[in-house]
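No lab work stands behind these numbers, since they all come straight from the coordinates. These numbers were taken from a predicted model, which means no experiment stands behind them.
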Ligand SMILES: [Zn+2]
């Protein structure tokens, strides 16, 4: 049996730059974030309720760990 990782942020969790940020059509003012997962290499989609601050710690949907979503960088695609 594999022990579950804690759901809280840990210092070991990597920081990732979102690959894409777009408005969430279902929730005006909120955004969707695409993150290339450092644990499994796939892209995970996260929602964020605050468009002006799309950062924070998340658990990867592959359940292999967590990461901190950093500020959008030069490589980030930002949809209007
Ligand atoms: Zn993953």
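So for the stretch 15-78, averaging the separation of alpha carbon pairs under 8 Å that are six or more residues apart and normalising by length, what relative contact order in percent results? If you can, show how the numbers build up before the last one.
Details: 135 pairs, mean separation 24.0, N = 64.
This gives 37 percent for the stretch 15-78.
Under 1.5 on a/c is rounded, so check that first for the chain, then, if it is not, pick prolate when a/b is larger than b/c and oblate when it is not; a ≥ b ≥ c are the square roots of the alpha carbon gyration tensor eigenvalues.
Prolate shape, in that a/c is at least 1.5 and a/b is the bigger ratio.
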